[in-house]
Amino acid sequence: MSLVPATNYIYTPLNQLKGGTIVNVYGVVKFFKPPYLSKGTDYCSVVTIVDQTNVKLTCLLFSGNYEALPIIY
């Protein structure tokens, strides 16, 4: 039996984000708009999260595949 080691993620607080970097974040969803067809050919969804630093981050998510966007309830 072979076990795959767990990936250890390092999370960046939202108040420490810098442009042009790739980071892992987490937070509580404060607002979301379910996927809808954009003016182009992709679907779009809007998600706003907030973390323990009380900073809000609004994400615009695009995909040509409706099912590839996150399902948020």
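The values are calculated or read from the model by the stated rules, or taken from the named source; none is laboratory data. Bear in mind that the values here come from a model prediction, so they are computed numbers and not experimental data. Heads up, the Cβs are rebuilt from the backbone with ideal geometry, glycines too, and the neighbour counts pull from every protein chain shown. Ligands, DNA and RNA are excluded from the accessible area calculation, which covers all protein heavy atoms including side chains. Shrake-Rupley method; radii C 1.70, N 1.55, O 1.52, S 1.80 Å.
Count of the stretch 37-52 residues, restricted to those that are assigned to a strand (DSSP E or B) and open to solvent by less than 80 Å² (accessible area, probe 1.4 Å), is 8. Take the residues in the stretch 1-33 that are touching a residue at least 40 places away in the same chain (Cβ under 8 Å) and under 13 Å from the mean Cα position of the chain (by Cα), then tell me which one is least open to solvent (accessible area, probe 1.4 Å). Filtering first and then ranking leaves L14.
Quick check on the stretch 53-73: of everything there that is of a type outside the set (A, V, I, L, M, F, W, C), in a loop (DSSP other than H, G, I, E, B) and under 16 Å from the mean Cα position of the chain (by Cα), which residue is nearest to Q16 (Cα to Cα)? Even if it seems obvious, please write down each step before you answer.
Step one: list which residues in the stretch 53-73 are of a type outside the set (A, V, I, L, M, F, W, C), which gives 53-54, 56, 58, 63-67, 70, 73.
Now drop any that are not in a loop (DSSP other than H, G, I, E, B), which leaves 53-54, 64-65, 70, 73.
With under 16 Å from the mean Cα position of the chain (by Cα) added as a condition, the list becomes 70, 73.
Numbers: P70: 25, Y73: 28 Å.
Out of the qualifying residues, it is P70.
Just one of (1) closer than 22 Å to K18 by Cβ; (2) over 14 Å from the mean Cα position of the chain (by Cα) fails for I49. It is (2).
Yes or no: K56 over 21 Å from Y73 (Cα atoms), basic (K, R) and at pLDDT 95 or above? Can you show your working first?
On the way: over 21 Å from Y73 (Cα atoms): no; basic (K, R): yes; at pLDDT 95 or above: yes.
No.
In the stretch 58-72, the residue that is farthest from V47 (Cα to Cα) out of those that are touching a Phe, Trp or Tyr at 6+ places or on another chain (Cβ under 7 Å) and open to solvent by less than 70 Å² (accessible area, probe 1.4 Å) is S63. Which pairs have Cβ atoms under 9 Å, sit 6 or more apart or on different chains, and link a residue in the stretch 53-73 that is within 22 Å of L14 (Cβ to Cβ) to one that is part of a strand (DSSP E or B) and open to solvent by 100 Å² or more (accessible area, probe 1.4 Å)? Note: pairs meeting the criteria are K56/K30; K56/F31; T58/F31; L69/F62.
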